[in-house]
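Have a look at the structure below, then the notes.
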Amino acid sequence: MIKHLFHNVIFLLYALIVLTAACTILIMEGQWIWSLPIFILLLYCIRNMSLADKRFAKRVAIMFDAIDNNDFTFHYPTEHRTTNDQMVNDALNRITKMLFQAKTDTIEREKYYELILNSINTGIIVIDDNGYVYQSNNEAMRLLGMSVFTHLQQLERVDSSLKTLIENIQPGSKQQISFTNELGSVHLSIRSSEMMLHNKHVRILAVNDIKSELDENEIDSWMRITRVLTHEIMNSVTPITSISDTLLSQHNHVDDEMHKGLETISATGKSLIAFVESYRKFTHIPTPEPSLFYVKQFAERMVNLSRHHYEAPNIQFNIDVQPADLIVYADENLISQVMLNLLKNAIQAIGPDQQNGCIDIRAFSNKEEAVIIEVSDNGPAIPPEEAEHIFIPFFTTKEGGSGIGLSVSRQIMRLSGGSITLKSSASSNRTTFTLTFP
């Protein structure tokens with residue numbers, strides 16, 4: 001009990017006051033013999049006060065060491081302690097609990113902000129003046145085609161001009177850049193801003209993919225041109241065809257040469273009208289009526305239709321859909337046109353003479369939960385100079401081709417909210433068209 005009293009700070013404080021007063025009085029009265037033990041007792045109390053202070057400082061230090069090591073299970077005992085120790089330990093335990101709650105709230109808030117940052121369709125990159133990357137979200141990594149991004153020097157492997165642009169872009173400005181990586185052509189818009197973060201100057205780069213915007217503007221331009229051309233051609237050719245048919249019906253007894261000439265004019269006009277009508281498909285695609293359908297059954301049906309229309313005994317079709325019950329939300333009839341066109345092109349690319357022809361249809365869901373359908377063949381690779389123009393209306397390398405199939409396919413995918421891309425490699429001898437459904 002007495003030992004506990006001498007560990008009680010309040011008791012020691014009172015004892016110090018009383019002993020100091022008693023010692024002073026005895027010394028003033030010349031009672032040296034009695035003042036000596038009281039003075040020793042006073043020194044003992046001072047020593048215990050010092051030790052109590054050290055014990056408190058040590059407990060606080062141990063508590064903060066535990067917090068630094070993320071040990072929030074640390075707890076000071078409060079039972080079988082003096083009242084003063086109980087109060088001190090309770091206070092330290094409450095401080096530990098508050099700090100733990102504050103740290104938990106901070107971590108949850110950071111996760112919340114990170115989730116928001118990774119949910120937006122804009123790439124965000126935070127860099128300091130030395131080129132070190134503080135933070136980058138998933139969209140930025142996807143647009144740059146990188147899995148790890150810690151310093152601007154790593155952009156040298158992506159594109160040197162991109163590295164130079166990001167190094168030199170000034171806060172408040174906006175620039176555009178295009179480059180090519182393993183995913184194809186990339187067109188980016190980069191906007192820069194600045195702020196102070198942890199007493200350091202950093203730049204925040206907002207990176208957006210503008211390829212879809214450029215493609216949309218290009219398609220709109222081609223559609224306007226096509227509408228004008230088809231309208232003008234139809235206005236000019238239809239009367240010629242009509243007049244030639246009228247002359248043929250009214251002049252059955254004209255000489256053979258004139259009769260054949262009129263027939264040629266009529267047949268050519270009708271052929272030209274049919275040809276122009278095919279281009280109207282590009283500008284008159286119906287509005288998609290999306291619904292859910294299973295990709296595997298859809299792919300199997302497309303393969304059966306292609307085999308029925310195009311004899312290809314030398315070609316093997318492989319279908320790989322993961323998972324087997326993968327579904328997509330789109331207009332099945334319109335997507336059928338896209339798939340049949342891709343399969344027809346693949347069959348024609350392989351040709352009847354190539355042995356061991358192979359067409360693979362692969363479907364899966366990526367980490368962004370978009371449905372991906374790939375149509376790949378082992379026919380001759382498409383040259384880069386042709387691949388660059390493959391989706392442009394009227395562009396074709398086939399004899400007698402209209403150059404409309406892939407343009408219509410791209411327009412259908414655009415109206416469906418998706419995209420179609422081409423990847424052709426001479427080294428791997430594979431040509432792959434990828435349909436993406438967000």
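With N118, N138 as the choices, which residue is surrounded by fewer than 16 Cβ atoms within 10 Å (Cβ to Cβ) and either within 20 Å of H201 (Cβ to Cβ) or polar (S, T, N, Q) (or both)?
Working: N138 fails: surrounded by fewer than 16 Cβ atoms within 10 Å (Cβ to Cβ).
Result of the check over N118, N138: N118.
Residue-by-condition table, conditions (1) at pLDDT 70 or above; (2) assigned by TED's automatic domain parsing to the domain that holds A363:
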site	(1), (2)
T246	yes, no
S249	yes, no
D256	no, no
I265	yes, no
S271	no, no
F298	yes, yes
R301	yes, yes
R307	yes, yes
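List the pairs whose first member sits in the range 356-373 and is in the same structural domain as Y310 (by TED's automatic domain parsing), whose second member is in a strand (DSSP E or B) and loosely packed, with under 15 Cβ neighbours inside 10 Å, and whose Cβ atoms are under 6 Å apart, counting only residues at least 6 apart or on separate chains?
Matching pairs, first to second residue: C358/Q316; D360/N318; R362/D320.
Could you give every pair whose Cβ atoms fall below 6 Å, whose first residue belongs to the range 125-153 and is in contact (Cβ under 8 Å) with a residue 40 or more places away in the chain, and whose second residue is surrounded by fewer than 19 Cβ atoms within 10 Å (Cβ to Cβ) and of a type in the set (D, E), counting only separations of at least 6 or pairs across chains?
Partner pairs satisfying both residue conditions: L143/D209.
Name the residue, out of D105, D128, D90, that is within 29 Å of R191 (Cα to Cα), under 49 Å from the mean Cα position of the chain (by Cα) and at pLDDT 75 or above.
D128
Conditions (1) in the same structural domain as K367 (by TED's automatic domain parsing); (2) among the hydroxyl-bearing types (S, T, Y); (3) outside any strand (DSSP E or B), marked per residue:
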| position | (1), (2), (3) |
| --- | --- |
| A91 | no, no, yes |
| R109 | no, no, yes |
| Y112 | no, yes, yes |
| L143 | no, no, yes |
| S161 | no, yes, yes |
| F179 | no, no, no |
| S193 | no, yes, no |
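For I319, work out the one condition from (1) surrounded by fewer than 17 Cβ atoms within 10 Å (Cβ to Cβ); (2) modelled with pLDDT under 90 it doesn't fulfil.
Of the numbered conditions (1) surrounded by fewer than 17 Cβ atoms within 10 Å (Cβ to Cβ); (2) modelled with pLDDT under 90, the odd one out for I319 is (2).
Of I116, I120, I107, which residue is without any contact (Cβ under 8 Å) to a residue 24 or more places away in the chain and in contact with an Asp or Glu (Cβ under 8 Å, 6 or more places away or on another chain)? Steps first, please.
Values: I116 fails: in contact with an Asp or Glu (Cβ under 8 Å, 6 or more places away or on another chain); I107 fails: in contact with an Asp or Glu (Cβ under 8 Å, 6 or more places away or on another chain).
Of the residues listed, the single one that is without any contact (Cβ under 8 Å) to a residue 24 or more places away in the chain and in contact with an Asp or Glu (Cβ under 8 Å, 6 or more places away or on another chain) is I120.
Which of the residues spanning the range 320-355 are free of Cβ contacts under 8 Å to residues at least 40 places away in the same chain and either outside the structural domain of S409 (by TED's automatic domain parsing) or touching a Gly at 6+ places or on another chain (Cβ under 8 Å) (or both)?
I350, G351
Return the only residue of L155, L188 being under 21 Å from the mean Cα position of the chain (by Cα), crowded, with 16+ Cβ neighbours inside 10 Å and at pLDDT 85 or above. Before the answer, list the steps.
Working: L188 fails: at pLDDT 85 or above.
Of the residues listed, the single one that is under 21 Å from the mean Cα position of the chain (by Cα), crowded, with 16+ Cβ neighbours inside 10 Å and at pLDDT 85 or above is L155.
Residues in the range 393-431 that are over 26 Å from P352 (Cα atoms), modelled with pLDDT of 70 or more and in a loop (DSSP other than H, G, I, E, B): how many?
Total satisfying the criteria: 3.
The values are calculated or read from the model by the stated rules, or taken from the named source; none is laboratory data. All of these numbers come straight from a predicted model, not from anything done at the bench. Glycine gets a Cβ as well: all are built from the backbone with ideal geometry, and neighbour counts include every protein chain shown.
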